[in-house]
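Below is one structure; the comments refer to it alone.
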Amino acid sequence: MIRVGDAATAPAFADAAKASLADGQLRRNVRHATDVIRTKRAAVVEEMPDWEALRESGRQIKAHVLRYLDGYLEQFERNCTAAGGHVHWARDADEANRIVIDLIRGRGESEVIKVKTMTSDETRLNLALEGAGIVPYETDLADLIIQLGHDRPSHIVVPALHKNRHEIRQLFMDRMQLGELGDEPAELTRAARAFLREKFLRVPVGFSGANFLVAETGGVCVVESEGNGRMCLTLPKVLITMVGIEKIVPWLQDLEVFLQLLPRSATGERMNPYNSVWTGVTPGDGPEEFHVILLDNGRTDVLRDEEARTTLACIRCGACLNQCPVYRQTGGHAYGSIYSGPIGAILTPQLQGMQHSTSLPYASSLCGACYEVCPVKINIPEILIHLRTRVVEQGGAPIGERVAMKGAAVAFTGGRTLAMAQAAGRLAQKPFERDGLLYDLPGVLAGWTATRDLPAIPAQSFRQWWSTR
Ligand code: SF4
C-alpha cells in the first residue's frame, strides 16, 4: 500500500491551518527558527560567485537522472552487490517495512537504532516495527524529541522546529526521568548524548536513510550535523538503509555539486560536519552486513507525469519551507504530511494520490519565493498550477470556484451572453459599489474584498463605447 505518513486521512489544509494559526507559541517558534536559517543561508549563498551555475548543474544532473532512472538504478544494484551489499526493491510502504522487519527478526534482534530518515517516516516504519515487537530508537536529536513527545515532524530538515528549548527541557525531564536539567542547548545535548550513548554501544542493528546513491560505485551517502549518523552507520553489525529511488546520481563526482548546494540551502552551513559515503562492506571495518531498500511508493507514477516529474529532483534541503510566507504562518503540521511547505504541497498529492490534491496545491500564494531559493531550480509554482488543473479535471476544486468557472464558461460563449452577464453584474453590484470599487461582498467573495481592491463592472462595456464613436 502506498502511504505518505498519515496524509491519506489528514484533514484539509485550510481546516488544519486554523489550529496552527491559533497557536501563538508555535507561530513564534516557527518564525524565529526560519528567520535564523534564512539569514544564515542568505549569507553563505551570497559569498558564492558561482551559485547560479551550481544550481544549474544541480538541475541538469537531476533532469538527466530522471530521464535515465531505470538504467542508473540497475547500475547501482550491480555495483553495490559486487561490493558485498544486498539490494532490495520495495514497491510500496508495506513492502519496505516488511523487508526491514524480516531482516531484523532474521538476526534474532528486537531493537534498532535509527538515523534521521524521511522515507521511514513516509512508510510509518516505527509503527510497523513496534507492531512486530521491535523497539526503534531515534538518534537524531530532533527526531528523538519528536519520538519522546509522541509528536509529528513539522519541518523536513528541522523536524522539531516548532518546539523551543523550554518545552524540550520539560520533555527530557519527564521522559528521561531526569531530576534537574537546565534549558541551555549544551545541557540538553548532554542529556540526549547520555541517553543515546548506551544504545549506540549495545544495539547491533542500525537503520538509515540516504541523501544520495552513487550509480558509478554502488556507494551510499548520508550527510548530517550531529555525528549520530556516523555512529549508526559504523557501530552496528547490520546496517539497513531505506531510500527513495530518485536519490541516485550517476557519478561520484556529482556529489561535488550537491555537497555544496545542500548544506548552504538547508542549514546555512558551508559544509555538513559529517559526510559519510560507504560502499558495500569492508571486513573488519564497520557493519558486517549491509542492505539497501530502494523504495518506489508512488515515485514511478510521479515520473510518468512530464509536467510534474521534476518534483523528484528535490534534495530535501527545506529552503522552500523557510522562505514560504504560508509555511511561516502555519508551520508544518497543517500540511498533514511528513513533507510540508511548498515541496510537501506538490509531493504529497502526487505520491499519496489525489486525496490531498483538493487542498494542498492551493496552500500557496504562488509568490515564487520557493522557486528562487530552490538549489535544483524546481519550478514549484508551475507544478502547483498543474496540480490545480488536475484537481479541477477530477472535479475536486472548491465549490465556489467550480460555480464561478461554470458561470464564466456560459457568459463567454458569445457576445450576447457576455452582455447579459455584464448587465446582471451591474445590477447585482449596486449595493456594494463606491467610487468605482466594490466593498463588503457577501459569501465566498467576502475574503477577496476584505483584503483587496475589486473594481466594479464599468457602466459601459468596450463594445458599447466603441459603437457610439
Ligand atoms: S523543493 Fe527545492 S528548496 Fe524545496 S526542499 Fe526540495 S530542493 Fe529544497
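Only the coordinates and a few stated rules stand behind these numbers; no lab work does. Because the structure is predicted, anything quoted here is derived from the model rather than measured. Note that each Cβ is placed from the backbone with ideal geometry, even for glycine, and that neighbours are counted across all protein chains shown.
Using a cut-off of 13 Å between beta-carbons, work out the net charge of the residues near THR389 (Lys and Arg +1, Asp and Glu -1, THR389 not included).
Working: positive: ARG388, ARG390; negative: ASP305, GLU307, GLU382, GLU393, GLU401.
Overall, the nearby charge balance is -3.
For TYR439 and HIS166, compute 0.36 nm times the residue count separating them, minus their Cα-Cα distance, and round to one decimal in nm. Can you show the working numbers first?
On the way: separation 273, 0.36 × 273 = 98.28 nm, distance 4.56 nm.
The span from TYR439 to HIS166 would gain 93.7 nm if fully extended.
Return the Cα extents of region 285-327 along principal axes one, two and three, sorted largest first, each rounded to a whole Å.
46, 28, 13
Compute the length gained on full extension between GLN329 and SER365: take 0.36 nm times their separation in residues and subtract their Cα-Cα distance, giving the result in nm to one decimal. Intermediate values should be presented prior to the final figure.
Values: separation 36, 0.36 × 36 = 12.96 nm, distance 1.23 nm.
Working it through step by step, the gained length comes to 11.7 nm.
If Lys and Arg each add +1 and Asp and Glu each add -1, what is the summed charge of the other residues whose beta carbon sits under 14 Å from the beta carbon of HIS333?
Details: positive: LYS18, ARG27, ARG152, LYS163, ARG328; negative: ASP6, ASP15, ASP23, ASP121, ASP151.
Overall, the nearby charge balance is 0.
Could you list, by residue number, the cysteines of the chain that have no other cysteine's beta carbon within less than 4.7 Å of their beta carbon?
Those would be CYS80, CYS221, CYS232, CYS314, CYS317, CYS324, CYS367, CYS374, since no other cysteine Cβ in the chain comes under 4.7 Å of theirs.
Below 8 Å, C-alpha to C-alpha, sequence gap of six or more: please give me the relative contact order for region 143-287 in percent. The partial results should precede the final answer.
On the way: 185 pairs, mean separation 30.0, N = 145.
RCO, region 143-287: 21 percent.
Apply the a/c threshold of 1.5 to the C-alpha gyration tensor of region 1-132 and tell me whether it is rounded, prolate or oblate.
Details: a/c = 2.07, a/b = 1.17, b/c = 1.77.
Judged from the Cα gyration tensor, region 1-132 comes out oblate (a/c at least 1.5, b/c at or above a/b).
Compute the Rg/Rh shape ratio of the chain: radius of gyration over Kirkwood radius, all on alpha-carbon atoms. Numbers along the way, then the final one.
Working: Rg = 25.4 Å, Rh = 24.3 Å.
Value, to two decimals: 1.05.
How high is the relative contact order of the chain, in percent, with contacts defined as C-alpha pairs under 8 Å that are six or more residues apart? Walk me through the intermediate numbers first.
Values: 810 pairs, mean separation 101.0, N = 469.
It comes to 22 percent, rounded to a whole number.
Specify the longest stretch of the chain that does not include any exposed loop site, a site being one of the GluC sites (Glu not before Pro) with a non-H, G, I, E, B DSSP assignment and at most 10 other Cβ atoms within 10 Å. Intermediate values should be presented prior to the final figure.
Values: sites that count: GLU47, GLU180, GLU306.
It works out to 307-469.
Please compute one quarter of the surface area of the Cα convex hull for region 302-429 and express it in square nanometres.
Values: hull surface 38.7 nm².
Computed as one quarter of the Cα hull surface, the answer is 9.7 nm².
Output the 0 to 90 degree angle, nearest 10, between the alpha-carbon long axis of helix 165-175 and the longest principal axis computed from the alpha carbons of the chain.
50 degrees
For the cross-link pairs LYS40/LYS116; LYS163/LYS247; LYS199/LYS237; LYS116/LYS247, which exceed 19 Å when the distance is taken from alpha carbon to alpha carbon?
Working: LYS40/LYS116 22 Å; LYS163/LYS247 29 Å; LYS199/LYS237 13 Å; LYS116/LYS247 15 Å.
Violating the 19 Å Cα-Cα cut-off are LYS40/LYS116; LYS163/LYS247.
So how tilted is helix 415-429 from the main axis of the chain? Cα-based, degrees 0 to 90, rounded to 10.
That helix lies at roughly 90 degrees to the long axis.
How are the C-alpha pair distances of region 126-277 spread across 5 Å bins, as whole percents from the shortest bin up?
Over region 126-277, the share of Cα pairs per 5 Å bin runs 2, 8, 15, 19, 20, 16, 11, 5, 2, 1, 0 percent.
Could you name the aspartates and glutamates in cross-link range of LYS114, using Cα to Cα under 18 Å and dropping any fewer than eight places away on the same chain?
ASP102, GLU122, GLU130, GLU138, ASP140, ASP143, ASP151, GLU198, GLU224, GLU226, GLU288, GLU289
Just from its helices, what would the mean residue ellipticity at 222 nm be for the chain, if runs of 4 or more DSSP H residues each count -39500 (n - 2.57) and the sum is divided by every residue, rounded to the nearest 500 deg cm²/dmol?
Rounded to the nearest 500, it is -15000 deg cm²/dmol.
Subtract the Cα-Cα distance of THR189 and GLN394 from 0.36 nm times their separation in residues, and report this length gain in nm to one decimal. Mind showing how you got there, number by number?
Working: separation 205, 0.36 × 205 = 73.80 nm, distance 4.90 nm.
Extra length available between THR189 and GLN394 comes to 68.9 nm.
For ALA421 and ARG452, what is the calculated FRET efficiency with R₀ set at 30 Å and r taken between the beta-carbons, to the nearest 0.05? Write out the running numbers ahead of the final one.
Numbers: r = 22 Å, r/R0 = 0.72.
It comes to 0.85.
Is the shape of region 195-335 best called rounded, prolate or oblate, per the rule: a/c under 1.5 gives rounded, else a/b larger than b/c gives prolate, else oblate, with a ≥ b ≥ c the square roots of the Cα gyration tensor eigenvalues? Mind showing how you got there, number by number?
Numbers: a/c = 1.75, a/b = 1.39, b/c = 1.26.
Note, shape of region 195-335 comes out prolate.
Could you compute the net charge surrounding ARG78? Neighbours are other residues with a C-beta less than 15 Å from the C-beta of ARG78; K and R count +1, D and E count -1. Show your work: numbers first, answer last.
Values: positive: none; negative: ASP70, GLU74, GLU77, GLU216.
Net charge around ARG78: -4.
Quick check on region 367-469: take the gyration tensor over C-alpha atoms, sort the square-rooted eigenvalues as a ≥ b ≥ c, and tell me if it's rounded (a/c under 1.5), prolate or oblate.
Working: a/c = 2.01, a/b = 1.76, b/c = 1.14.
Prolate shape, in that a/c is at least 1.5 and a/b is the bigger ratio.
Given the options ILE2, CYS221, VAL277, identify the residue whose Cα lies farthest towards the positive end of the charge dipole of the chain (+1 on Cβ of Lys, Arg; -1 on Cβ of Asp, Glu).
The Cα lying farthest towards the positive end belongs to ILE2.
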